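To start, the structure under review is shown below, and the notes come after it.
The values are calculated or read from the model by the stated rules, or taken from the named source; none is laboratory data. The structure displayed is predicted, hence computed values, not measured ones. Virtual Cβ from ideal backbone geometry, glycine too; neighbours counted across all protein chains shown.
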There are 2 protein chains.
Amino acid sequence: MKIALAQLNYHIGNFEKNTASILNSIKKAKNTACDLIVFAELAICGYPPRDFLEFTDFIEQCHLNLQQIAAEAFDIAVIVGLPTHNPDKKGKNLFNSAAFICNGKIQSLHHKSLLPNYDVFDEYRYFEPSRNSNIIDFKGYKIALTICEDLWNIGEEQLYPYSPMDDLIAQHPDIMINIAASPFNYEQVDKRKAVLINNVLKYKIPLLYVNHVGAQTELIFDGSSLAINSNANIICQLKSFEEDFRIFDTDVLNSKDNSIFQEIEISKIESIHNALVLGIKDYFAKLGFKKAILGLSGGIDSAVTLVLAAKALGPENVKAILLPSQFSSQHSIDDALKLAENLKVAYEIIPIEEDYNSFENSLSPYFKGLPHDVTEENLQARIRAVVLMAFCNKFGYVLLNTSNKSEAAVGYGTLYGDMCGGLSVLGDLYKTEVYELAHFINKDKELIPHNSIIKPPSAELRPNQKDIDSLPDYEILDKILYQYIEKRKGPKELINMGFDEAIVKKTLKLVNTNEYKRYQTPPILRISPKAFGMGRRLPIVGKYLS
Amino acid sequence: MKIALAQLNYHIGNFEKNTASILNSIKKAKNTACDLIVFAELAICGYPPRDFLEFTDFIEQCHLNLQQIAAEAFDIAVIVGLPTHNPDKKGKNLFNSAAFICNGKIQSLHHKSLLPNYDVFDEYRYFEPSRNSNIIDFKGYKIALTICEDLWNIGEEQLYPYSPMDDLIAQHPDIMINIAASPFNYEQVDKRKAVLINNVLKYKIPLLYVNHVGAQTELIFDGSSLAINSNANIICQLKSFEEDFRIFDTDVLNSKDNSIFQEIEISKIESIHNALVLGIKDYFAKLGFKKAILGLSGGIDSAVTLVLAAKALGPENVKAILLPSQFSSQHSIDDALKLAENLKVAYEIIPIEEDYNSFENSLSPYFKGLPHDVTEENLQARIRAVVLMAFCNKFGYVLLNTSNKSEAAVGYGTLYGDMCGGLSVLGDLYKTEVYELAHFINKDKELIPHNSIIKPPSAELRPNQKDIDSLPDYEILDKILYQYIEKRKGPKELINMGFDEAIVKKTLKLVNTNEYKRYQTPPILRISPKAFGMGRRLPIVGKYLS
């Protein structure tokens, strides 16, 4: 039997586009005499559809589009994901389902049993977990069809008391097919492979795995769909960060051929780079925008953001604005200009000093006699945001936010100032990771001026300011933040790891008391296992370690 | 047996304060010879603790505080809610539990079976649902102890396939006790009573119900704890929006006395008013802030917000800033001044024209020849935000956001402009509800100038601008929004209800395409069954009805 895997870039709620691209793949599979084609989890509506699932009309659209797809499923069988109604009066009213279609008809529906409800996932918000699993009998093959998380309850610590594949294996399937929506993070690709290989080792039949590709706001799906033979060897990994289409013969999946697939190893930082470029590209494409703008300071964060934006959108669609104040150094302006020229990106220089003086003047009756403080620093950052947003409004740019994760964590940024933007590109990279990315970008050629990379980080909001005046050294800070945010280590654990108690307490307090700022910041492209945003939910008025 | 219900205002993660107030209530109950005292769900850590639950240290703190409480539980039994470890290796590692304590020891733990995971609730993110329910045997009484949602799976449409009270009733309990964290919305108080009464009608034993009171950022808990006798009559409702403490004798709960409790009826709008005042008060108290500031325009939204802030914080802690531009009408300034004087709130008048001219000047080389448009309107709103935030930074005010739900829904507001603020007071009230609230506030005395209420709404960002130039009449708009947002009606259903097709399509498109703006706005005090914020989760790059 020949099985095609279609790894596609869906758009949430864009039924017309999704169905067209599903039908196009079906045609391609028919032309190559495939017996079966497999699409991803919730392919028809895109993932994650979130509260659109609460609208009857949305579910109806899913069903109408399934009918359209079924109408083309002659001479080929189709597996495709969509939400379906739970006919039982008890329980939530939807299932997360896979439809098995052949001869133009929906032959069976297979519902997801294990519903991820951690980090960025909210599936139990919408779906009833299924407790029935039946195999598909097709052309003499028995297929065990599961949906994403269904295969993840394996190993030592199991999140669910039940594993649907344990039921399915009792029905003696020949092959496992898993349709998924598994977003990228820099640990996920390896973790995913290990989990899937463990399933093959446990159940001893081959596995075909189809993932989404493409970004949906903060979530970036890397694709990297897999075919694993019955010896638990990966025989193929589909492209990462691109659509792909591959055909597999079941004979190959079951052959004793142990020749291992030659994987193209890419580094962690390269995969982050590729993820971010796709994240920017899809954010603009799916919202119907073309042009990005950002404030270019001469520092490392805006430099890296500009490079990624130019790669994603083309340098002709990106505009850099330099907004120097009286505290900006000449080297910062020079570095910024050099970068814009290197990238062939259009730029403008708009000094903010006059606007700043105007505010100082209107505020002077109230602030008289009071020392300059963070107020005046924030004022500069907010004036820059006002100018940048005026360009957005006038010309249809989307402002890219250039904050990094270290700043976002400790609140080292100005709300409604440098924390503005439609999308945060680097908000899931600690400062030390931004440097790593800068080095990666410069590996063949000095795109980012060397000086932007080596100079001590500064917000340049007062004379001779350095980040290190207010914050611990990023080498230490980032390690503490990583342990606290990604690894959920508490103060005692951190101190036991050898971090200085005073720095630990100060850092955790900063993180917790700045929740209110992060609440109002743009969506952040997620590349780590724990990004700020929908995957990390904390109380604003909480009083804990603060 | 004498049972005390302690309805307290907890603070998330503030173990010291929560435990002190629990111990204080235990003392009070002991002094009045109570046999048992009951506290709310997750009382020890506050509700909702959200991802704090992922920290081992946080769970340890809960247990340490439980030990402290147990140490005082002599001559009295205590029921109190907290998260506890799931000893099973399979399933999530926590339970949402109630501890039954007597003789200084934890006698038993009772775990929640039904985990709400809709709207603002995320409990399945953290907790394993329990499938074991055992009654408590205490002083000859058999107590069926459940936690909040456990009693809500009753009636026609059941969200869960299992009801723990069905198991418990088989063990012949004498009384039901339910500890809860049930936040206010204007439908919730009646709904809650109906659900609880239905439980008594079904299980035919009395019920004591203890709720939280107080606000945790957007969620406002009204308290309104209940005692319902075996005839399904409410014999007492504890105070709404205040802490309370009441003692009930089981004899009274079981007596055939059908004299019905005299409820103090308060109107929907009065309950909303009281909820918002508590919401503001607790936001400031729990964050450790005292003083609020807002931009006072002379319009209805900022007027109502100012009144509520003055009631919550005292007029001496509230500052109004008038920020007139060349487009502000004299009547707006007069109305604003009149209100500030009525409330005895300090104010300043800071014209923004010079700041505006300064930006026009710095932007003129780039905008030359282009017509004035929404850019210049947004510019004014953003300049106001810059001034208000400068006051916040300099003097420690928290900026109150004055946007209403109609504006937030259709994106009729400026991001980083009038959409700024630490807390949105009216963001869950449609414009027509803001008027209702204004009338309620003025019922005894004209606090809000009549003119602010009767004049046509205008943003005053260009000459003679009226909201109605860009939006449907609020009387119609709000009805469509309510059906779409609260009732999840789709376009077909709305058109079938008689709304104009073009207006429906335009409105839904505005709502869906402005998701990106709402993503970055302050937390909104929730008073409806479906508020923007954590309870309504939609994709930004979605392409549906847009």
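Collect the residues in the stretch B:295-329 that are among the hydroxyl-bearing types (Ser, Thr, Tyr) and buried (at least 22 other Cβ atoms within 10 Å of the Cβ), keeping them in residue-number order. Step through it out loud before you land on a result.
Of the stretch B:295-329, the ones among the hydroxyl-bearing types (Ser, Thr, Tyr) are B:297, B:302, B:305, B:325, B:328-329.
Those that are among the hydroxyl-bearing types (Ser, Thr, Tyr) and buried (at least 22 other Cβ atoms within 10 Å of the Cβ): B:Ser297, B:Ser302, B:Thr305.
Each row is one residue, and each column tells you yes or no for (1) of a type in the set (A, V, I, L, M, F, W, C); (2) within 8 Å of another protein chain (Cβ to nearest Cβ); (3) more than 17 Å from the chain's Cα centre (by Cα).
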position	(1), (2), (3)
B:Asn378	no, yes, yes
B:Val398	yes, no, yes
B:Leu426	yes, no, no
B:Ala438	yes, no, yes
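Scanning the stretch B:169-187 for residues that are closer than 28 Å to B:Glu486 by Cβ and surrounded by fewer than 19 Cβ atoms within 10 Å (Cβ to Cβ) yields B:Tyr186, B:Glu187.
Answer yes or no as to whether B:Ser163 is crowded, with 20+ Cβ neighbours inside 10 Å and either modelled with pLDDT of 95 or more or farther than 22 Å from A:Leu159 by Cα (or both). Yes, satisfied. It is to be established whether one or more residues within the stretch B:27-40 are within 27 Å of the chain's Cα centre (by Cα) and within 14 Å of chain A (Cβ to nearest Cβ). No: zero hits. Restricting B:Glu475, B:Glu493, B:Glu486 to residues that are at the interface with chain A (Cβ under 10 Å from one of its Cβ atoms) and among the charged types (D, E, K, R) narrows the list to B:Glu493. Looking across the stretch B:460-478, the residues that are of a type outside the set (A, V, I, L, M) and surrounded by fewer than 19 Cβ atoms within 10 Å (Cβ to Cβ) come down to B:Arg462, B:Pro463, B:Asn464, B:Gln465, B:Lys466, B:Asp469, B:Ser470, B:Asp473, B:Glu475.
Restricting attention to the stretch B:489-546, the residues that are in contact (Cβ under 8 Å) with a residue 60 or more places away in the chain, of a type in the set (Gly, Ala, Ser) and not in a loop (DSSP other than H, G, I, E, B) add up to 1.
Of the residues examined, A:Lys394 is one that is assigned to a helix (DSSP H, G or I), within 11 Å of another protein chain (Cβ to nearest Cβ) and among the basic types (Lys, Arg).
Can you name the residue in the stretch A:114-139 that is more than 14 Å from chain B (Cβ to nearest Cβ) and touching a residue at least 12 places away in the same chain (Cβ under 8 Å) and, of all such residues, is surrounded by the fewest Cβ atoms within 10 Å (Cβ to Cβ)? Give the derivation first.
Taking the stretch A:114-139 first, the residues more than 14 Å from chain B (Cβ to nearest Cβ) are A:133-139.
Remaining after also requiring touching a residue at least 12 places away in the same chain (Cβ under 8 Å): A:133-136, A:138-139.
On the way: A:Ser133: 22, A:Asn134: 13, A:Ile135: 22, A:Ile136: 21, A:Phe138: 16, A:Lys139: 11.
Restricting to residues being more than 14 Å from chain B (Cβ to nearest Cβ) and touching a residue at least 12 places away in the same chain (Cβ under 8 Å), the top hit is A:Lys139.
Note on the stretch B:140-153: residues that are out of contact with any Pro (no Cβ under 8 Å at 6 or more places or on another chain) and either within 12 Å of chain A (Cβ to nearest Cβ) or among the acidic types (Asp, Glu) (or both) amount to 1.
The strands (runs of 3 or more DSSP E) located wholly in the stretch A:181-284 that include 1 or more residues which are more than 30 Å from A:Asp167 (Cβ to Cβ) and under 20 Å from the mean Cα position of the chain (by Cα) occupy A:213-216, A:219-222, A:244-249. Within the stretch A:424-470, the set of residues being touching a His at 6+ places or on another chain (Cβ under 8 Å) and within 24 Å of A:Asp282 (Cβ to Cβ) comprises A:Leu437, A:Phe440, A:Ile441.
When each of A:Lys319, A:Lys311 is tested for being touching a strand residue (DSSP E or B) at 6+ places or on another chain (Cβ under 8 Å) and in the same structural domain as A:Leu426 (by TED's automatic domain parsing), the lone residue that passes is A:Lys319.
Scanning the stretch B:489-509 for residues that are surrounded by 17 or more Cβ atoms within 10 Å (Cβ to Cβ) and out of contact with any Ser or Thr (no Cβ under 7 Å at 6 or more places or on another chain) returns B:Lys489, B:Pro491, B:Glu493, B:Leu494, B:Phe499, B:Ile503, B:Val504, B:Thr507, B:Leu508.
Tally up the residues in the stretch B:479-510 that are under 24 Å from B:Cys420 (Cβ atoms) and out of contact with any Gly (no Cβ under 8 Å at 6 or more places or on another chain), please. Can you show your working first?
Taking the stretch B:479-510 and keeping what is under 24 Å from B:Cys420 (Cβ atoms), we get B:481, B:485, B:510.
Filter again for out of contact with any Gly (no Cβ under 8 Å at 6 or more places or on another chain), leaving B:481, B:485.
The total comes to 2.
The residues on offer are A:Leu426, A:Leu447, A:Leu415, A:Leu461, and the sole one that is in contact with a Cys (Cβ under 9 Å, 6 or more places away or on another chain), assigned to a loop (DSSP other than H, G, I, E, B) and hydrophobic (A, V, I, L, M, F, W, C) is A:Leu415. Which of the residues spanning the stretch B:285-303 are touching a residue at least 12 places away in the same chain (Cβ under 8 Å), assigned to a helix (DSSP H, G or I) and either out of contact with any Leu (no Cβ under 7 Å at 6 or more places or on another chain) or more than 29 Å from B:Ile333 (Cα to Cα) (or both)? Result: B:Lys286, B:Leu287, B:Ile300.
Step by step: first the residues of the stretch A:346-355, then only those that are under 37 Å from the mean Cα position of the chain (by Cα) and more than 9 Å from chain B (Cβ to nearest Cβ), then the one that is farthest from A:Ala385 (Cα to Cα). Which residue is that?
Pass one, the stretch A:346-355, residues under 37 Å from the mean Cα position of the chain (by Cα): A:346-352.
Then drop every residue that is not more than 9 Å from chain B (Cβ to nearest Cβ), which leaves A:346-347, A:349.
Details: A:Ala346: 19, A:Tyr347: 16, A:Ile349: 14 Å.
For the stretch A:346-355, the residue satisfying everything is A:Ala346.
If you take the residues of the stretch B:46-60 that are in a loop (DSSP other than H, G, I, E, B), within 10 Å of A:Gly542 (Cα to Cα) and within 9 Å of chain A (Cβ to nearest Cβ), which of them is nearest to the chain's Cα centre (by Cα)? Once the filter is applied, the top-ranked residue is B:Pro48. Evaluating A:Pro456 against the criteria (1) assigned by TED's automatic domain parsing to the domain that holds A:Asp373; (2) closer than 22 Å to A:Leu545 by Cβ leaves one unmet condition, (2).
Of the residues A:Ser358, A:Ser332, A:Ser362, A:Ser403, the single one that is among the hydroxyl-bearing types (Ser, Thr, Tyr), assigned to a loop (DSSP other than H, G, I, E, B), buried (at least 20 other Cβ atoms within 10 Å of the Cβ) and in the same structural domain as A:Ile293 (by TED's automatic domain parsing) is A:Ser403. State whether one or more residues within the stretch A:130-142 are at negative phi and within 25 Å of the chain's Cα centre (by Cα). Looking for residues that are at negative phi and within 25 Å of the chain's Cα centre (by Cα), one finds none in the stretch A:130-142, hence no.
Okay, residues lined up against (1) touching a Cys at 6+ places or on another chain (Cβ under 6 Å); (2) crowded, with 21+ Cβ neighbours inside 10 Å; (3) over 17 Å from A:Ile383 (Cβ atoms):
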{"site": "B:Ile383", "(1), (2), (3)": "no, yes, no"}
{"site": "B:Gly396", "(1), (2), (3)": "no, no, yes"}
{"site": "B:Val410", "(1), (2), (3)": "no, yes, yes"}
{"site": "B:Gly421", "(1), (2), (3)": "no, yes, yes"}
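The residues in the stretch B:222-245 that are surrounded by 21 or more Cβ atoms within 10 Å (Cβ to Cβ) and of a type in the set (Val, Ile, Thr) can be counted, and the count is 1. Looking only at the stretch B:510-531, filter to residues that are more than 9 Å from chain A (Cβ to nearest Cβ), touching an Asp or Glu at 6+ places or on another chain (Cβ under 7 Å) and not basic (Lys, Arg); which one of those is surrounded by the most Cβ atoms within 10 Å (Cβ to Cβ)? Restricting to residues being more than 9 Å from chain A (Cβ to nearest Cβ), touching an Asp or Glu at 6+ places or on another chain (Cβ under 7 Å) and not basic (Lys, Arg), the top hit is B:Leu525. Evaluated against (1) in the same structural domain as B:Tyr186 (by TED's automatic domain parsing); (2) in contact with a Lys or Arg (Cβ under 7 Å, 6 or more places away or on another chain), B:Phe284 falls short on exactly one condition, (1).
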